[in-house]
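The block underneath contains the structure these notes are about, expressed in structure tokens.
FYI, it's all coordinate maths here, none of it is from the lab. The structure presented is a predicted model; accordingly, all values stated were derived computationally and were not measured. Counting neighbours? That spans all protein chains shown, and the Cβs are built from the backbone with ideal geometry, glycine included.
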Amino acid sequence: MCAFLGPMVIAFALGTFTIELDQQVDRPVTAAIWTPNADGVVLGSQGRVEHRDWPDIERTTEIPTTLRYVHALSFSPDGQFLAIAGGSPAEYGQIEIWNWSERRKCAEANLHDDVVYDVCFHSKGDLVVTSSGDGTCRVLAWSLGPMPTFREVGRFEAHSRGVLSSVFVDEDLIATSGLDATIRIWNCRTQSEQRSFDQHLAPVGQLFLFAPPKDPRQPPTLSPDAMLVSASFDRTVRFWNPLVGRMIRFARVPSSPTAMRWSAREQSVIVGCRDGSVRWIDPATAKEIATVVTKSSRITDLMVHPRSNEILIIGDGVDLYKLPR
Amino acid sequence: MFDVYLNRRHWVRIGTLSVFGAITADLRRSTFAGTGGSDEKRDVLAKADSCILIWLDGGPSHLDTFDLKPAAPQELRGPFRPIKTNVPGIEISELMPNLANQANHFAIVRSVTSPLGEHGLANHYLLTGHPPSPTLRYPSIGSVVSFLRDTSSVLPKYLSLPESVSAGAGFLPSEHDPFVVAGDLTKPDFRIQDATFYPGIDAERLRNRRTFLEALNRRANSMYREEPSSVEVHGLSNDHFDRAFEMMFNAGAREAFQLGSEPESKRARYGSRKFGQSCLLAKRLIERGVPFVTVVYSGWDTHDNLVFNLRDGFTGAMPGVGLIPTLDQGLSALIDDLSSSGRLETTLIVVMGEFGRTPKINNGGGRDHWPRVFSVAMAGGGIVGGQVVGASDRNGESPLELPVTPADLACTVFRLLGIDPVQELRTRDGRPVAINQHGKLIKPLVGA
Amino acid sequence: MFKLTWLMGYCLIGLLSASNEGEPSLDSDILPWMTKLGCNAGNCHGSAAGRGGFHLSLFASDPAADYEAIVHELEGRRIDRIFPERSLVLAKPTGYLDHGGGIIAEDDSPFSELLAAWIGKGAKRTSPRATLHLDVQPIDVLVSSSEELVELQIRAQYSDGHEETVMSKSSIVLPDDGSVSLVDENKLRVLRPGQHTVLVRFMDKVVAVTLSHKFADAAIPDDPRAVENTIDKHIVSRLRDLGLTFSPAASDSRWLRRVTLDLTGRLPTLDELNQFQSESSSNRYESVVDRLLSSEAFVDFWTFRLGRWLKIHEQPKGRAAFEAYRNWLRQCVALDVGFDRMVRELLLAEGDSHENGAANFHRLCEDARKEAEVVARLFMGTRMECANCHDHPLDRWKQDDYHGFAALFAGVQRERVVKLQGRGVVHHPKTGESATPRIPGIAALAQTSPTIQHFADWLTASDNAFFAPAIVNMLWKQFFGRGLVDPYNDFRETNPASHPPLLQELAKEMGRDGYRLRPWIKRVVLSNTYRTDSEDGDGESIDPRFYAKTIYRPLEAEVYVDAIRDVLMPSTRDDNGPHGVRAIHPIDRANASSSLQVMNGCMRQDDCSADEVANLGLAAQLHLMNSDLINALLTDPNGQLQIWERDQVPIHERLENIFLRALTRNPTTHEWNAWNDESKSRNPDEQTKLLEDLVWSLLVSKEFRCNH
């Protein structure tokens, strides 16, 4: 079913290719993540979380979440627990923790005044950080026992508007970004802000660390060559050094970036855009090295398989494209 | 309501004809409060006899003056810290230590909101209380006061110093445009231009001129009429030169402008710059019966370098002589002077500009236009001091409590000045227009 | 591979029935309602920064962006695909969730139901739809009383061939509460006599509806003065429609003063007055006009007037350039060069601006955007500034027009030596890329991008819809105090002319006359409309835009100052007197004498149309009273008053003479009485001073300061 075959190798020599649709889902995807052992994907959409196997992407099971909107999915470092976050816009934000192997909900909390857009586990697994449309981030401690319970241990309120994305950049340091066009780096234990980047001119929707630790149970470390990558509706992708606190370089994309991932194989940043294109950007030069154009009018999300390096592209929320390695 | 205008004009006529009679009638209450029937005093508070509008032209930053956000993120909170005032719980900018000692005298409205973020349009809205209309130029608040208020003074009823302000008489006769006091107020011997007798001309000759001018204008007005009429030609209503003549006949009136007669120490207290001297002159004018004075203080359009523009004024200034310290010095001296003479109770002071500034500091270290929420300070003349009215949200982006529109502000000013805001004026083509539309009294400000 | 759930079913049906009538369309149903309810107005979500984090395009000018914002932004938080009525975009305006704008629609309002249905069907924008034509009936209607309701019919013709009545979802914008009101959703009640404009907005189309209400019901008899002349025909017929009387003609002397001031910026001399009054032939008016049009004074004055229109001014160290520019203009006026040629020369001039005067036009514009704005205002009578930041909400101009137009001028080098082919681009703020040059309103051509040359050709072509009306309207304002379209440089579909057919015919006639100034002026000043008397006969509240009578027009400050000197210092008439050149000579007010600055609130770089002596504030009054502007001339030994004094001219003669010089008439009995009352008890020396006082009064009187 994969219309795009062999020429991927050539693709990275520079060029633009069009790929064909593989499959459609019935409800726009708003969150996606690989399962811990990478044998399937978990997709979140309004009122639903489902597990599909890989590489067929046929639906296998549904996780009966009670969330009205699902905006983020995250597995605990040991792969035992799945956090599902979302809520009801302009009303409340919620998080649920599910025991993944048992498909059993073991904790839930309702703690924001707007939906939760992102959720992050600490590498030790004892803390989760939620980022919400209400402009706050909450640090929640939860016990690892059979019946986890949440306790809010801290709150970060420096963002002036909704927070969209978060990523740990060091053991206790987390970077968050949002509608206020800033990126803030703060300590999740003390909630003290270490530094902020405000060069973006529009909301910053995507963040990740280059390169992340191979084992999620290992904390990331702030090395001199670590790079924080951000994508914003100002149509730029910027590379930051979170250690010294400055922007290293930036790339302009012709259309607002709506999804961004790290591709280990090409050692490049993959950016999905509002015009339905997917662009490979070399972090060393900030130059675009390849482009793939989909039939969809926008890219909702991108996923790079941790072992096979196959890429799953989600377009318009409902169109699925597989790009083989 | 047509009668209001006609009565008023009829009166102008009488006032004009009584060439040497003092213009003394105070028709404010007798003519206007009663227009809708005898029980219509409801909309008039009439706490203030006069108003000084401190117009911060360009749009002052609410976040660096009266509505600081010390808890906001760094790129929002700005370079200045708040300080405590003499009213527990109220804090204002550290650059306003003198005003901080007078917080019991003034109220801060922190939730003023307007949709207009362009200078010209926003000016018009704040100065008139009406959003701009393509078909009608509304009169500024001062012009309406000038039109309705009669004073015993021969001084102009609406003055603007030391430069003109953008909104004028609108559809009202142009004599209600503000009289602009130009010239360098900071000079020791400042006086207004062209207000001394021309060599060889004395009061007697000016009286002759006035008589002839009356006769000539009467003809132009009544060529085809048996009776002299009060027809006003578009834009040319003030042909009688009344104020000008009266000012020449009245040395006391001209003396009002002589800042040089103030003791040096007093002039120094207001600050040596134009703004402080304008405040002092404004005080002299309202003491002599002028009902409305606008002090224009420009330069608040601080798109870059807040520290330099708002605090320092020039490089290395210690202490700063930028916009805010200068405002602090002049305004506090004015409040002090008026309160010690007991006049503050009947003098309404309004401190405002056309909008606030963006919470987020831009790349040039400045703030851009932000009309969605900003602050206005008011003192005296029926204002309950020592309070904050309304609130902005945590980053000073939107009103959080009690949103106040420029129409509400105008309504409140009118009512404090004893003018019924629902009263109608007539445009030149005869259309009735309410003095204030959609405005509501800001009740906490007046203790209601 | 498709899995059809119930929802997918909906989507498919949606796809299949996209053009069905039952299917709500975002473009032609939802967004017009949002416009009507004010959601996308400039003070709500339509503001540049949005509101409450939600931004819509101003008046739905960009439906694709609105679709993105409503459906996709922030992972689709604003719509609920499972329970459409719970969607944020519905729960806010209906008050289920706290909404900064308050409750603006009920649950069961057509808007709420359409929106819920649209979301229920998948919130698709399958086929973008444009309105090709908005048909509003009637668009020009006359009523006799406010009892007569005007029923509107509004139909839209869409790009997909569909057509429907859109009354309920159109926005009706009333001028103000006091003049027109809306009854039963589609009927208008005209509350006051006069002419009012109501705007009908649907999608990106705006149509102006003109409603006229009679002033009086009485039948107006035919007026023989509505002869073949285009102007009189239209003016008189409109007056009759409105039940207004056309004023009688002004006296000959008043007409002479009026036309002499308008054509030469000077008062008629006593000789000119006597000669005119001694003639009795019916073509005496025409011969006066011909004499004035061929005078040097006409060239001087119209160089001044057109110079003010073009905002010619002297820049620091720019004397030579300024002189060259003024000389070029003077030459054009002297030779009666047509406006089409003048404007072409201005647009296309290159080279040394000290020699080629017209090239200064480019130099006086700061940059490409400013130049585009100035060109649009002057030569198209239109204001494009709004379209800098967003599509013009009241006009046809899109952002692409503005920036594309500005891009035409991006290559202009504004140095002493002006070149048109320099490098330069204008960045389009929306795309961030350089804008493609284009002629406003004309879609960019595929092969070649237009140049200033193309624009000049297009602008001055005989079928151009902007140029001739803009020029005609500017000139009309000079003679009647206001434009047929007012403000005179604000032509918009939403700002219709007071007499549309008259404007069109005058524009055509101007084209036939080769766009020349003199034939056009001659036609105007010989019309009966120009000759009406200036005193009102119908009460004071008649709208001046119907031209029932001539209004008082304050003289330009320069003309006023020159007129004062002409009355008091006869030697200055030929520019040789002690006061040197006339005030109109420099054109540039920024460098003018302090008197002119006091007399005028505004400087010439500002676009102030009220640049006359109208607003005599106290400062100007004191100036006239106490400065030497008048006082010094009253006692100047070379002045007329002192010459008479030396020559012992009888005081009555002096007085009569000064009235004739200043007002072109004799003193009235009333004025004689006033003089006699004051002078009878005085000795001769005092009488001389008294006469000075009278003359001062004369020179500051309204009658003197105005043309009427």
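The figures follow:
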{"read-out": "Footprinting exposure proxy for B:269, B:311, B:367, A:151 (fewest neighbouring C-beta atoms within 10 Å first)", "value": "A:151, B:269, B:311, B:367"}
{"read-out": "Binned Cα-Cα distances of the protein assembly as shown, short to long, each 10 Å bin given as a whole percent", "value": "1, 7, 13, 17, 19, 16, 12, 7, 4, 2, 1, 0, 0"}
{"read-out": "Footprinting exposure proxy for C:439, A:299, B:349, B:54 (fewest neighbouring C-beta atoms within 10 Å first)", "value": "C:439, B:54, B:349, A:299"}
{"read-out": "Mean shadow area of segment A:154-289 over all directions, Cα convex hull, nm²", "value": "7.9 nm²"}
{"read-out": "With 10 Å bins from 0: P(r) over segment A:255-325, alpha-carbon pairs, percent", "value": "23, 56, 20, 0"}
{"read-out": "Anchor residue C:702: lysines whose Cα lies under 21 Å away (excluding residues fewer than 8 positions away in-chain)", "value": "C:477, C:549"}
{"read-out": "Cα principal axis extents for chain A, largest first, Å", "value": "51, 46, 35"}
{"read-out": "Fraction of antiparallel bridges per DSSP, the protein assembly as shown only, in percent to nearest 5", "value": "85 percent"}
{"read-out": "Spread of Cα-to-Cα distances over 5 Å intervals beginning at zero, given as percent, for segment B:97-178", "value": "3, 14, 18, 18, 15, 16, 11, 4, 1, 0"}
{"read-out": "Equivalent ellipsoid semi-axes, chain C, via Cα gyration tensor eigenvalues times 5, rooted, Å", "value": "57, 31, 23"}
{"read-out": "Which of A:292, B:296 has the fewest Cβ neighbours within 10 Å, and the rest in rising order", "value": "B:296, A:292"}
{"read-out": "Contour excess over end-to-end distance, with Cα ends at residue C:350 and residue C:174 and 0.36 nm allotted per residue", "value": "58.6 nm"}
{"read-out": "Filter on C:419/C:508; C:187/C:508; B:360/C:398; C:233/C:398 - keep pairs with C-alpha separation over 32 Å", "value": "C:419/C:508; C:187/C:508; C:233/C:398"}
{"read-out": "Flagged links, alpha-carbon separation over 21 Å, of C:36/C:205; C:169/C:214; C:311/C:430", "value": "C:169/C:214; C:311/C:430"}
{"read-out": "Chain C, helix-only ellipticity at 222 nm - DSSP H runs n ≥ 4, -39,500 (n - 2.57), divided by all residues, nearest 500", "value": "-12000 deg cm²/dmol"}
{"read-out": "Cα convex hull volume per residue for segment C:63-132 (Å³)", "value": "109 Å³"}
{"read-out": "Cut-off under 5 Å, modelled amide H: who pairs with residue C:396 long-range", "value": "C:493"}
{"read-out": "More than 24 angstrom apart: percent of Cα pairs within segment B:300-448", "value": "48 percent"}
{"read-out": "Loop-located chymotrypsin sites (Phe, Trp or Tyr not before Pro) in segment B:115-200 whose Cβ has at most 15 other Cβ within 10 Å (DSSP)", "value": "B:197"}
{"read-out": "Normalised alpha carbon radius of gyration of segment C:373-521 [divisor 2.2 N^0.38 Å]", "value": "1.12"}
{"read-out": "Unit charges at the beta carbon, dipole of the protein assembly as shown: most positive-side option, C:91, B:88, C:441", "value": "B:88"}
{"read-out": "Base-10 log of normalised Debye intensity for segment A:17-140 (one unit scatterer per alpha-carbon) at q = 0.17, 0.18, 0.22 Å⁻¹", "value": "-0.82, -0.91, -1.26"}
{"read-out": "Distance cut-off 15 Å, percentage of C-alpha pairs in segment B:367-416 lying past it", "value": "52 percent"}
{"read-out": "Spacing of the two label points (7 Å from each Cα toward its C-beta) at residue C:449 and residue B:189, in nm", "value": "6.3 nm"}
{"read-out": "Antiparallel %, DSSP beta bridges [both residues in chain C], to 5", "value": "90 percent"}
{"read-out": "Sites excluded, GluC sites (Glu not before Pro) in DSSP loops with at most 11 other C-beta within 10 Å, longest stretch of chain C", "value": "C:434-708"}
{"read-out": "Those trypsin sites (Lys or Arg not before Pro) in segment C:622-681 that DSSP places in a loop and that have at most 10 other beta carbons within 10 Å", "value": "C:680"}
{"read-out": "Cα-based shape type of segment B:231-333, given that a ≥ b ≥ c are square roots of the gyration tensor eigenvalues and the cut on a/c is 1.5", "value": "oblate"}
{"read-out": "Qualifying trypsin sites (Lys or Arg not before Pro) for segment C:290-372 [loop in DSSP, other Cβ within 10 Å: at most 11]", "value": "C:317"}
{"read-out": "Share of Cα-Cα pairs in segment C:447-558 lying beyond 21 Å, as whole percent", "value": "45 percent"}
{"read-out": "MRE, 222 nm, helices only [DSSP H, n ≥ 4, -39500 (n - 2.57), over chain A, to nearest 500]", "value": "0 deg cm²/dmol"}
